[in-house]
């Protein structure tokens, strides 16, 4: 494969010269290889001039509202003298800066005792870095700080490498990727014993049509344990897009949820320009909820992003209605509509929260009605 480019050289190295990998390893290579990966080699580009939008790239309001969430956690913990916000997958630290700025402006008591920790093996150091902003390359490294904290991950789990599997008349097959005849090709193989067990444990039984293809993420449990270990006590908050398992693995969802993004265009072909585009799969919220339970975390609830952020913004909206200065202008309203409108980001993104050694009731972002409904999910 010499001379074909960085992605081919990395593929040959990762496969040990066999030139074939499970789709999960191919996705990991395409996203995270230090020389050829979309994230690992620093190719990822977000925002209007990038490949896709996130809630952070909409503007500073997302961080402002999460600052409100941080303040609520700090209050519920009894105003500890040292408090952390821990973010995994902080990319260019834009969310960190938005949260810290808002805390400085609106919550001066919290401002004096907060640190912000980003866990990311590929951080972008800012030219003028806030001294409260720290970087670690892994969750275990951050866990040494073990503190009262709010843990945030925004659009992280959708980038976890997934197994792709396909249903046939004689059972499930695992998809592999091979470089052959100068092209990327998909092969089907009998899954390993471990993957077969994971399929049986996670995917609901059903009458799946021949060729039905879906994804299975097997990294959620280990990740949740690592994330929980970074908290001595506090709140773990996950923002992403996904489905609960009955919907995720519905027989009519025959092509799964895998998508690729480049220049704000989406398709479902991960073999097209691997390493140069984002590859993502929706989150199985049922698996995330079960992983939180297994990690010993307390269930708080699940909400769509629109309802969650609207509840957090309620005090500001009430101030504006009373004619008080609440920093709400046209720019604020545009960002709020983008983040919360059902036709934009409000319904497509979900928010799931867990607690560790902190009261699980009465959270601003999750109404009691919403929490009661979630008990049956």
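The values are calculated or read from the model by the stated rules, or taken from the named source; none is laboratory data. The structure presented is a predicted model; accordingly, all values stated were derived computationally and were not measured. All Cβ positions, even for glycine, are placed from backbone atoms using ideal geometry, and neighbour counts span all protein chains on display.
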>> Every residue in the range 232-261 that is in contact (Cβ under 8 Å) with a residue 60 or more places away in the chain, crowded, with 18+ Cβ neighbours inside 10 Å and more than 17 Å from the chain's Cα centre (by Cα), please.
In response: 234, 256
> Does residue 275 qualify as being modelled with pLDDT of 95 or more and crowded, with 17+ Cβ neighbours inside 10 Å?
Replying inline: no
> Within the range 38-83, how many residues turn out to be modelled with pLDDT of 95 or more and under 30 Å from residue 14 (Cα atoms)?
Replying inline: 0
> In this structure, does residue 357 turn out to be surrounded by fewer than 23 Cβ atoms within 10 Å (Cβ to Cβ), modelled with pLDDT of 95 or more and under 17 Å from residue 154 (Cβ atoms)?
Replying inline: no
> Can you tell me which residue in the range 84-103 is farthest from residue 38 (Cα to Cα), limited to those that are in contact with a strand residue (DSSP E or B) (Cβ under 9 Å, 6 or more places away or on another chain) and in a helix (DSSP H, G or I)?
Replying inline: 103
>> Based on this model, can you work out whether residue 242 counts as closer than 21 Å to residue 156 by Cβ, out of contact with any helix residue (DSSP H, G or I) (no Cβ under 8 Å at 6 or more places or on another chain) and at pLDDT 95 or above?
In response: no
>> Looking at (1) closer than 29 Å to residue 72 by Cβ; (2) surrounded by fewer than 17 Cβ atoms within 10 Å (Cβ to Cβ); (3) out of contact with any helix residue (DSSP H, G or I) (no Cβ under 9 Å at 6 or more places or on another chain); (4) modelled with pLDDT of 95 or more, which one does residue 158 not meet, given that it meets all the others?
In response: (2)
>> Looking at the range 198-227 only, could you name the residues that are touching a helix residue (DSSP H, G or I) at 6+ places or on another chain (Cβ under 8 Å), surrounded by 18 or more Cβ atoms within 10 Å (Cβ to Cβ) and not in a loop (DSSP other than H, G, I, E, B)?
In response: 202, 214, 216, 220, 223, 224, 227
>> Would you confirm, using the coordinates I've provided, whether residue 370 is within 23 Å of the chain's Cα centre (by Cα), surrounded by 14 or more Cβ atoms within 10 Å (Cβ to Cβ) and at pLDDT below 90?
In response: yes
> Out of (1) outside the structural domain of residue 276 (by TED's automatic domain parsing); (2) within 30 Å of residue 175 (Cβ to Cβ); (3) under 18 Å from the mean Cα position of the chain (by Cα), what's the single condition that is false for residue 92?
Replying inline: (2)
> In the range 137-148, which residues are part of a strand (DSSP E or B) and in contact with a helix residue (DSSP H, G or I) (Cβ under 8 Å, 6 or more places away or on another chain)?
Replying inline: 148
>> I'm trying to understand the selection: among the residues of the range 104-133, which are surrounded by fewer than 17 Cβ atoms within 10 Å (Cβ to Cβ), in contact with a strand residue (DSSP E or B) (Cβ under 8 Å, 6 or more places away or on another chain) and modelled with pLDDT of 90 or more?
In response: 113
> Taking the range 319-337, which residues are in contact with a helix residue (DSSP H, G or I) (Cβ under 8 Å, 6 or more places away or on another chain), at pLDDT 70 or above and assigned to a loop (DSSP other than H, G, I, E, B)?
Replying inline: 327, 328
